[in-house]
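Let me begin by presenting the structure, written as structure tokens, before commenting on it.
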Amino acid sequence: MDNNYIYTLQTVKDYPIVMQRRLIGSLLNENVLTKKEGEKGKIFLGDEKDAFLNCLRKNKKLIKSIEKWEFEKSYKYSLLFTFEENVSDKIKQALKKERLKNYLDISDNQYEELYNIVKSPSYLYYNENLEFIKFNIKMEARDADSIEHKKRYPILVCVFHDMNIIEIRFDSLGTIFGKDKMQYVYDVVNWIKLNLTDTILSMDLEATIEEMRHIASKEEELIIVEQDMRLHTGATATIGIGKSGSKSLPFIGELKEILEDFEDELKKIPDLKRKLEDFIIEKEELSEYPWTIFRFDKENYETKIIKNYRNEGNWLIQHFYSGRVRNIGKERMENVTRYINTIRKHLETDETKCDPTGEIA
């Protein structure tokens, strides 16, 4: 228990302040913590600096709250996969064979075991559409000053039954540990193939991201903040809207606005209008985009989507840090996943309607 406690304490100490606030808020709502001294059955949270860390040092039972929080918090990265079979039955089988450990069956005075490798994950039922599987990995290293560093490194698998999507969520690993985070993620994929479904397939987001780019050019709720372009000539360019408050990308976005503003005048010079439109098509539609950063303007968070990450065929989704406490939970990541799936399904429906053979597979 003491070893688990040290890993947990050092991990929470490295949480961003806004994440600590979200965690504290959740524990206050759950009546685990209280700001009123002397409340029976609750842990008093003082007003001093690092009050929560002090609580954690004195009350090892808060480790259970951190374990639960790892099912609920937001992560920095995610990968999306599809599957084709009934995974619910496979999860039940894995629980029966004890390849999965039901988190709710762990007693209050016991803790999740941490492992050096991907094995023996915890399971948590959320609802009929969503189940969680969490791999609990421990990291340790010594720096140049012989200071020991320890860290909990959870990798969370989200099984969305209503979308037939498996999402794998994970964070960065500090360089001090000298480990490749993706190797652990790929080991998780192999565990899923062995224990849940071998139909798991990395989701191809090519058409989906292109449609999102099209939506962003017409609606203000989705904005392209920055993008990396590979022009058909071989030239490269990275352009972004910066901090000026503009919602249009420089050059192409500004040129589109000029075309709209001077539409009547350009009708009188059709050759110029056509050349400008051809220029936009050439630069925009014939270019490749290795990555694009989208802002979900209403929710005020940004997401970077990277094509063919590390040349291994996966689309990596990077969820940028948000200063809003409400954007620190799993809801943010689920919103992005469901948005992507909605676009993907819409495109699939359109393809079926437009099938030139007139057949429906």
- Item | Positions within the stretch 303-320 being more than 11 Å from the chain's Cα centre (by Cα) and either in a strand (DSSP E or B) or within 18 Å of Gly240 (Cβ to Cβ) (or both), in sequence order | Ile306, Lys307, Asn308, Tyr309, Asn314, Trp315
- Message: Just to be sure before I move on: is Tyr77 under 25 Å from Arg332 (Cα atoms) and in contact (Cβ under 8 Å) with a residue 40 or more places away in the chain in the structure I sent?
- Response: yes
- Which numbered condition Glu37 misses (of (1) open to solvent by 90 Å² or more (accessible area, probe 1.4 Å); (2) acidic (Asp, Glu); (3) touching a residue at least 12 places away in the same chain (Cβ under 8 Å)): (3)
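Residue-by-condition table, conditions (1) part of a loop (DSSP other than H, G, I, E, B); (2) among the aromatic types (Phe, Trp, Tyr); (3) under 30 Å from Thr8 (Cβ atoms); (4) open to solvent by 30 Å² or more (accessible area, probe 1.4 Å):
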position: Pro154; (1), (2), (3), (4): no, no, yes, no
position: Cys158; (1), (2), (3), (4): no, no, yes, no
position: Met163; (1), (2), (3), (4): yes, no, no, no
position: Ile176; (1), (2), (3), (4): no, no, yes, yes
position: Val188; (1), (2), (3), (4): no, no, yes, no
position: Ile192; (1), (2), (3), (4): no, no, yes, no
position: Glu210; (1), (2), (3), (4): no, no, no, yes
- State all residues of the stretch 83-131 that are of a type in the set (A, V, I, L, M, F, W, C), part of a loop (DSSP other than H, G, I, E, B) and either in contact (Cβ under 8 Å) with a residue 24 or more places away in the chain or surrounded by fewer than 12 Cβ atoms within 10 Å (Cβ to Cβ) (or both); if no residue qualifies, say none. Phe83, Leu100, Leu114, Ile117, Val118
- Query: Can you tell me which residues in the stretch 1-29 are free of Cβ contacts under 8 Å to residues at least 12 places away in the same chain and under 26 Å from the mean Cα position of the chain (by Cα)?
  - Reply: Tyr15, Ile17, Asn29
- Item | Test for Ile293: is it modelled with pLDDT of 80 or more and of a type in the set (A, V, I, L, M) | yes
- Query: Which of (1) part of a helix (DSSP H, G or I); (2) at pLDDT 70 or above; (3) open to solvent by 30 Å² or more (accessible area, probe 1.4 Å) is the odd one out, the single condition Ile281 does not satisfy?
  - Reply: (2)
- Message: So if I check each of Ile63, Ile24, which one is open to solvent by less than 10 Å² (accessible area, probe 1.4 Å) and β-branched (Val, Ile, Thr)?
- Response: Ile63
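The values are calculated or read from the model by the stated rules, or taken from the named source; none is laboratory data. The structure presented is a predicted model; accordingly, all values stated were derived computationally and were not measured. Every residue, glycine among them, receives a Cβ derived from its backbone with ideal geometry; neighbour counts consider all protein chains shown. Surface areas here come from the heavy atoms of the whole protein model, side chains and all, with no ligands, DNA or RNA. Shrake-Rupley method; radii C 1.70, N 1.55, O 1.52, S 1.80 Å.
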